[in-house]
1. If a residue has to be outside any strand (DSSP E or B) and within 13 Å of the chain's Cα centre (by Cα) to count, how many in region 273-328 make the cut?
2. So, E66, is that one part of a helix (DSSP H, G or I) and over 26 Å from V158 (Cβ atoms) or not?
3. Would you pick out the residues in region 218-270 that are modelled with pLDDT of 90 or more, of a type in the set (S, T, N, Q), assigned to a loop (DSSP other than H, G, I, E, B) and more than 19 Å from M296 (Cβ to Cβ)?
4. Return the residue satisfying two criteria in turn: it lies in region 341-369 and is part of a loop (DSSP other than H, G, I, E, B) and surrounded by 19 or more Cβ atoms within 10 Å (Cβ to Cβ), and of such residues it is modelled with the highest pLDDT.
5. Does region 211-232 contain any residue that is surrounded by fewer than 14 Cβ atoms within 10 Å (Cβ to Cβ), in the same structural domain as S316 (by TED's automatic domain parsing) and farther than 28 Å from P85 by Cα?
6. Of these, V319, V288, which one is among the aliphatic types (A, V, I, L, M) and in contact with a Lys or Arg (Cβ under 9 Å, 6 or more places away or on another chain)?
7. Which of the residues belonging to region 160-194 are at pLDDT below 90 and either of a type in the set (D, E, K, R) or in contact with a Cys (Cβ under 7 Å, 6 or more places away or on another chain) (or both)?
8. Quick check on my filter: what residues within region 110-146 are assigned to a loop (DSSP other than H, G, I, E, B) and of a type in the set (K, R)?
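The values are calculated or read from the model by the stated rules, or taken from the named source; none is laboratory data. Everything numeric in this text was worked out from a predicted model, so none of it was measured. For neighbour counting, all protein chains shown are included, and Cβ atoms are generated from backbone atoms with ideal geometry for every residue, glycine included.
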Amino acid sequence: MNQDGTQQVTLNHMGRHELLDFFEPRFNDDPNLVAFTGATKISDGLFQITENPAEPGQYLMISSPEFTTHASGDIIRMQAEPGIPADAIVLEQLNADNTGFYRHPLALSNGDLISSHANDNQFLFLLKELQQNGPNWSTNQRLTSLQGGLWELSPVEVKTRPRPTVLPMDPQLPNIEKQIFNEEGVDIQSFKQYLEDSNLALVVSRNVTTRDNADRQQPFNLRIADSTTQTLGSAGKIYDLSDIQFLQADHIRSGTYSKPGRRPLAQFMHDSAAIANNPPTNGPQGSVKLGNDGSMAAFIPAGRAMTWQTLAPDGSPVVRERIWVTFQPGEIRACTSCHGLNTVDQTGNFGPTNPPEALRTLLHFWKQNNGGQNTENKPPIVSPITTNIIDVDPASSGIQFYEETSTLILVLQMTLMETLFHGSGFILLMAALKFHFHQGTEPSQMQPLLIR
């Protein structure tokens, strides 16, 4: 991840295959799909991850179950410098089994290792030095003499260090994707500015039928429907793909059966700016059509956790990604495959190099929808999916009720005027916000649509 939050992924694209010891296949009626069995000793999660200042790229963390141990467990060390494929990363347990409960491991600049540690399930965490004895590390002595049973957690080394080098935060697009921008006459920096102003990001993939060779739990014999594009990892059932569907995390209030408050739940993408800018499709909500070459390109909301799944022509999910990713405003994320390749795909080949035609289709639609280059970088006024466009009184302001069922019209005090050049004259449009609501609707669930 860059320092501005762009290009966020898991460390070296690690995932379930590198961290878990078992999980079931996606479908149970395809003999090609098998349960995964690994050799890792990771519990439910990895917590309190820190990097060794003496060895950049080496990380310490705690493997802990989700409940019952106060996020304590065994100390795990991982060597994961940038560029190491995820399937080449080794996770190593430092402490011997059944030697207590560890939290917040910290490697010091001089090579020493300290950690909070509790001897038993009374969980009296005390800060201790660790010492290596053969292949394992064990607690040596307390570092404090405080009494009273208070937990000692979250140690931090206080040390003067040189100011870190500021890394470049605007990585260049791969040449293959950059060439499509050039051929379509779209300036990349102006396009990024448009994305930023619209709170959007762009995701691009060259061929979603290619998948990492290790993933034999989700379908890997994939074909783009009504095309000749396919990637087959073995004989057997072939899955046709037509669309890719995005889901966004919305904070939704729970029912009365659970604890109060809101929690992020996956909802089919409904962000109005993203939907307005994506090419029209007859697919399910939140989806975009895949290119005949297997490519994908889509506008998605920035600053919101997103996930996605490929769909069969009948709308049923085929491959479901098992990760949430957040994109930054103005970010363009390009990848070769929908499930990043550690080394090779299911056929033993390296990543695709085809120019993603779905990106060309998207840019062509965007230019039409925004008056060419759209040098003022403004989002479209009216979403193409807005069907009930009604007229409001330009002289009015404040809250007005109209006869439409369950519709509240809020006319802005400061009328938004948009001047569009049309032929030899000008057109003036006024925008208002339209909220659909009904009794019991939470304010966060009201979806504003721009109307004329």
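1. Looking only at region 273-328, we keep the residues that are outside any strand (DSSP E or B), and these are 273-286, 290-295, 302-304, 312-316, 321-324, 327-328.
Imposing the further condition that a residue be within 13 Å of the chain's Cα centre (by Cα) reduces the set to 302-304, 321-324, 327-328.
Residues flagged as outside any strand (DSSP E or B) and within 13 Å of the chain's Cα centre (by Cα) within region 273-328 amount to 9.
2. Details: part of a helix (DSSP H, G or I): no; over 26 Å from V158 (Cβ atoms): yes.
Here the answer is no, as E66 does not meet what is asked.
3. Result: S234, single match.
4. Step one: of region 341-369, the residues part of a loop (DSSP other than H, G, I, E, B) are 341-344, 346-356.
If we keep only those that are surrounded by 19 or more Cβ atoms within 10 Å (Cβ to Cβ) too, we end up with 341-342, 346, 352, 356.
Numbers: L341: 84, N342: 85, Q346: 92, P352: 94, P356: 97.
The extreme case among them is P356.
5. Yes.
6. Values: V288 fails: in contact with a Lys or Arg (Cβ under 9 Å, 6 or more places away or on another chain).
Result of the check over V319, V288: V319.
7. Answer for region 160-194, where residues must be at pLDDT below 90 and either of a type in the set (D, E, K, R) or in contact with a Cys (Cβ under 7 Å, 6 or more places away or on another chain) (or both): R161, R163, D170.
8. First, pick out the residues of region 110-146 that are assigned to a loop (DSSP other than H, G, I, E, B): 110-112, 119-125, 134-135, 143-146.
Passing the criteria: none in range.
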